[in-house]
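The values are calculated or read from the model by the stated rules, or taken from the named source; none is laboratory data. This structure is a prediction, so every number in the text was calculated from the model and none was measured. Every residue, glycine among them, receives a Cβ derived from its backbone with ideal geometry; neighbour counts consider all protein chains shown. Keep in mind that these areas ignore ligands, DNA and RNA; they rest on the heavy atoms of the full protein, side chains included. Shrake-Rupley method; radii C 1.70, N 1.55, O 1.52, S 1.80 Å.
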Amino acid sequence: MGYDRMSRILHWLTALIVLAMIPVGLVMTNVDDRAVQDPLFIFHKNAGAMLLVLLAVRLVWRATHRAPPLPDSLPSIQKFAARATHAALYLLLIVMAVSGYVRVRAGGFPVELFDAIGVPSFVPRDDALAQTAKSIHARAKFGIGLFIALHVGAAAYHGLVRRDGVFSRMWPPTASAARVP
């Protein structure tokens, strides 16, 4: 069985946001031109705000809708690796989104999307807290990069090499749950 339509949509929306945020985050922190940095910071902060909301929806959806079982043809070690990678991705996405939010709010900066709809800041202005969150965010990016690479590599392996139906569980993005070969 494949994932249901909502799980697929939530997965691919998350992927789209995260894959857009990575190059923006790298450029905005490595350029000294405020005319370039400022719009990138605004995009990154607000995409992160959307990601926080999306992650909350995904976690509620996942808690109420079980993932389909992995095919019996997969070796136990691959099943374990898949579960561990998914857990690490969820954890690191939460760490990145929360640490980014805390860094911004504790640093006294706006999150334009949240501000526009009246979401209060849940974090007090605190330079030490902002610096700690910034450090966590900067370190966690290596972990999330690693697990994204593992996830994409495994998907490519199953979709292009093995062609065993594992990739079809999540592709195409808007398909309903269907039987996979």
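Of note:
- Relative contact order of the chain, defined on C-alpha pairs under 8 angstrom at six or more residues apart (%): 34 percent
- The coefficient of translational diffusion for region 15-71, derived via Stokes-Einstein from the alpha carbon Kirkwood radius under 37 °C and 0.692 mPa s, stands at 250 µm²/s.
- Separation of the Ala81 and Leu146 label points, Cα + 7 Å toward Cβ, nm: 1.5 nm
- Where trypsin sites (Lys or Arg not before Pro) fall in DSSP loop in region 76-181, at most 13 other Cβ within 10 Å: Arg125, Arg163, Arg179
- Among Ser99, Ser121, Ser73, residue whose mean-square fluctuation peaks in a GNM of the chain (springs only between Cα atoms under 10 Å): Ser73
- Surface analysis of region 59-109 yields an accessible area of 58 Å² per residue, using protein heavy atoms and a 1.4 Å probe.
- For Lys45, the aspartates and glutamates whose Cα comes closer than 13 Å to its Cα, not counting residues fewer than 8 places off in the same chain, are Glu112, Asp115.
- Listed residue (Phe114, Phe167, Ile148) projecting farthest to the positive dipole end of the chain, Cβ model: Phe167
- Distance from region 111-181 to region 52-77 (C-alpha centre basis), Å: 13 Å
- Tilt relative to the chain, helix 76-106 - C-alpha long axis, 0 to 90 degrees, to 10: 20 degrees
- Relative contact order of region 86-181, taken over Cα pairs closer than 8 Å and 6 or more residues apart, is 26 percent.
- Evaluated over region 121-173, the Cα radius of gyration and Dmax, each in Å: 18.3, 52
- Volume of the Cα convex hull of the chain, divided per residue and given in Å³: 133 Å³
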